[in-house]
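Some notes on the structure that comes next.
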């Protein structure tokens, strides 16, 4: 099969779930092209090992980066139009049609993203990795710029944050024109169906991790007495890290031998540094910045408890079962997370860890104290978490399923209640 993946920026270190699907498709013997519709990310100092292992940059076609400055955006856009007009004159004019594409034409997003397709592309499968990109997949196919079966995945922000801004009807055309849909959890599948997606044309396909890269270890109370706690995620509102810092400050009054490792970076870094200083826990809270997978594994290997305190953002943004939780659970860490989005589909409250309400530092502190005082539960919770991840989120199993979904799409036999047949891997 020839498969095209539509992504926004590429590669992005915080989106390993996309890399895993791309690598899995290549590994199974299929031809893959990656279309980065918003160009490369600003920070390319760290890349996931899969990017180099599978030479993914050589497979990537970049749309021109669209400037933030409106004047420069138009100057550059008109230049792109003049240079590329001869490739497809009729379509070039349609890309500026504000009555058809409204804000996407006015902002020139339609023009910039269409540049790689002005000379028609043909694939068996076109997989749009967020449904906000699926809208462009529909439009490009309607314009004759790309040919193939269209599949679109609901991943989180596209079915939560995106809706308050654009309204409940924003995906009406997507639902009518797309051949099949995936959602990375039941929570987002149900939201898509409520918006008008045919329940028979959407399937829950979770984001997998390579469990062989995350080594299981039973956790026991440390000999040095220092309880090491970790969180992995972007330093943004939705990840809820502020509430863990506040919880740490409460716990430290009774149990001062703590170390809180925050792996990730983002716009709230300075705020978290100031908050840690204000609460007198700067010596406990360690903001480590972005790390590659190998470095993350090394840090988590030394930790005892993992916290993923996701909250619904002011903009409505919500999480699926986050991969960072899966990684921690695969390594045997008892976890604390929130009653948020798709997370309860991953974490079984009281079995592999605990679920607490969003925005509740007191509840996080209470569960941290429980785990500190009941270290005999760590190993049992860790084993339960590992088993949960292996059963439902193993990357190899999920990539087998994904390729089978593609094949059933081509055969015209796919429904939301699909049965995945045994698959013979091309390169194994």
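The values are calculated or read from the model by the stated rules, or taken from the named source; none is laboratory data. Predicted, not measured: the structure shown is a model, and the values here were computed from it. Every residue, glycine among them, receives a Cβ derived from its backbone with ideal geometry; neighbour counts consider all protein chains shown.
Look through segment 159-168, keep the residues that are surrounded by fewer than 23 Cβ atoms within 10 Å (Cβ to Cβ) and part of a helix (DSSP H, G or I), and return whichever of them is modelled with the lowest pLDDT. Give the derivation first.
Here is the first cut: in segment 159-168, the ones surrounded by fewer than 23 Cβ atoms within 10 Å (Cβ to Cβ) are 161-168.
Restricting the remaining residues to those that are part of a helix (DSSP H, G or I) gives 162-166.
On the way: 162: 81, 163: 80, 164: 74, 165: 77, 166: 79.
The extreme case among them is 164.
Does segment 169-211 hold any residues that are in a loop (DSSP other than H, G, I, E, B) and more than 22 Å from residue 347 (Cβ to Cβ), and which are they?
Just the residues of segment 169-211 that are in a loop (DSSP other than H, G, I, E, B), to begin with: 169-171, 178-179, 184-185, 196-198, 205-208, 210.
Residues satisfying the conditions are 169, 170, 171, 178, 179, 196, 197, 198.
Any idea which of (1) in contact with a strand residue (DSSP E or B) (Cβ under 9 Å, 6 or more places away or on another chain); (2) at pLDDT below 95; (3) at positive phi is the one residue 341 doesn't satisfy?
That leaves (1) as the condition not met.
Test residue 104 against the criterion of being within 30 Å of the chain's Cα centre (by Cα) and within 22 Å of residue 135 (Cα to Cα), and give yes or no.
Numbers: within 30 Å of the chain's Cα centre (by Cα): yes; within 22 Å of residue 135 (Cα to Cα): yes.
The answer is yes for residue 104.
Just checking, how many residues over segment 272-298 are in a helix (DSSP H, G or I) and either touching a strand residue (DSSP E or B) at 6+ places or on another chain (Cβ under 7 Å) or surrounded by 15 or more Cβ atoms within 10 Å (Cβ to Cβ) (or both)? Break it down stepwise before answering.
So in segment 272-298, the residues in a helix (DSSP H, G or I) come out as 272-278, 293-298.
Okay, now just the ones that are also either touching a strand residue (DSSP E or B) at 6+ places or on another chain (Cβ under 7 Å) or surrounded by 15 or more Cβ atoms within 10 Å (Cβ to Cβ) (or both), so 272-273, 275-276, 293, 296-297.
The total comes to 7.
Can you tell me which residues in segment 1-33 are in contact (Cβ under 8 Å) with a residue 60 or more places away in the chain and in a strand (DSSP E or B)?
Residues satisfying the conditions are 2, 3, 4, 5, 6, 7, 33.
Taking helices (runs of 4 or more DSSP H) that fall entirely within segment 52-154, which contain at least 3 residues that are within 28 Å of residue 203 (Cα to Cα)? If you could, list the steps in order and put the result at the bottom.
Numbers: elements: 70-84, 89-94, 98-106, 109-114, 131-142.
Passing ranges, in order: 131-142.
Would you check if residue 314 is loosely packed, with under 14 Cβ neighbours inside 10 Å and closer than 23 Å to residue 361 by Cβ? Explain how you work it out, then say what you get.
On the way: loosely packed, with under 14 Cβ neighbours inside 10 Å: yes; closer than 23 Å to residue 361 by Cβ: yes.
In short, yes.
Checking residue 44 against (1) surrounded by fewer than 18 Cβ atoms within 10 Å (Cβ to Cβ); (2) touching a residue at least 60 places away in the same chain (Cβ under 8 Å), only one condition comes out false. Which one?
(2)
For segment 215-242, which residues satisfy the criterion of being surrounded by 22 or more Cβ atoms within 10 Å (Cβ to Cβ) and out of contact with any strand residue (DSSP E or B) (no Cβ under 9 Å at 6 or more places or on another chain)?
238
Whether any residue in segment 212-227 is over 14 Å from residue 282 (Cα atoms) and in a helix (DSSP H, G or I) is what I want to check.
yes
Within the bounds of segment 89-102, is there any residue that is in contact (Cβ under 8 Å) with a residue 60 or more places away in the chain, in contact with a helix residue (DSSP H, G or I) (Cβ under 8 Å, 6 or more places away or on another chain) and either closer than 25 Å to residue 314 by Cα or surrounded by fewer than 24 Cβ atoms within 10 Å (Cβ to Cβ) (or both)?
As a first pass, look at segment 89-102 and keep what is in contact (Cβ under 8 Å) with a residue 60 or more places away in the chain: none.
Within segment 89-102 (the criterion being in contact (Cβ under 8 Å) with a residue 60 or more places away in the chain, in contact with a helix residue (DSSP H, G or I) (Cβ under 8 Å, 6 or more places away or on another chain) and either closer than 25 Å to residue 314 by Cα or surrounded by fewer than 24 Cβ atoms within 10 Å (Cβ to Cβ) (or both)), the answer is no, since none of the residues qualifies.
Checking the condition at pLDDT 95 or above and outside the structural domain of residue 156 (by TED's automatic domain parsing), which residue from 309, 321 passes?
On the way: 321 fails: at pLDDT 95 or above.
Among 309, 321, only 309 is at pLDDT 95 or above and outside the structural domain of residue 156 (by TED's automatic domain parsing).
Within segment 213-237, how many residues are free of Cβ contacts under 8 Å to residues at least 60 places away in the same chain and either in contact with a helix residue (DSSP H, G or I) (Cβ under 8 Å, 6 or more places away or on another chain) or assigned by TED's automatic domain parsing to the domain that holds residue 22 (or both)?
Qualifying residue count, segment 213-237: 1.
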